[in-house]
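Take a look at the structure below.
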Amino acid sequence: MKKHARIYVLDKDDQFTAIFLGTVEDSNTGYYIEYEDSEGVTCVIGYSKGIATITRTAEPVYTLVLEEGAPHAFRIETPYGNIEAAAHPITVRSRNYGNKRTITLVYDLILGKEKMRHTLKLKVELLE
């Protein structure tokens, strides 16, 4: 069952950069967080047993699979063609406590010869 949630996006210093309303749905071994970002794009973050997925549902469309120490090649679909990319996860961590959850994902994103460090930190507060 999906539960309503307030989702806080944090920067590297744990300061709030954005707040969204969304949902959290528990699975047998983890959970899914779904929200619409500031561009109106639906984002789904899944977490289960040390593995996280990040799915973007609008152009550019992609799904990243992040497991510490396990590089993941993937394709970014754009109207101009596909872009080959890779993610090298550094930190994949989640904590649950009461009606709150946190997820921290740190990974290097490689597009061609370019390498960029990305950090995604979410603090999720269930509203029901």
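The values are calculated or read from the model by the stated rules, or taken from the named source; none is laboratory data. Here the structure is a predicted model, which is why all the values come from computation and not from measurement. For the accessible areas, the whole protein counts, side chains as well, though only heavy atoms, and no ligand, DNA or RNA atoms are used. Shrake-Rupley method; radii C 1.70, N 1.55, O 1.52, S 1.80 Å.
Structure remark: mean-square fluctuation, Gaussian network model of the chain, C-alpha springs under 10 Å; the largest value among 73, 52, 87 belongs to 73.
Compute a Gaussian network model of the chain, connecting alpha carbons closer than 10 Å, and tell me which residue from 80, 62, 31 fluctuates the most. In this elastic network of the chain, the residue with the biggest mean-square fluctuation among 80, 62, 31 is 80. Whole-percent P(r), the chain, all Cα pairs, 5 Å bins from 0: 2, 10, 20, 24, 21, 14, 7, 2, 0, 0. Annotated for the chain: lysine pairs at least 8 residues apart or interchain, Cα distance under 29 Å, count 24.
Considering only 17, 42, 104, the mean-square fluctuation computed in a Gaussian network model of the chain, springs between alpha carbons under 10 angstrom, is largest for 17. With protein chains left intact and a 1.4 Å probe, residues in the chain average 59 Å² of accessible area per residue.
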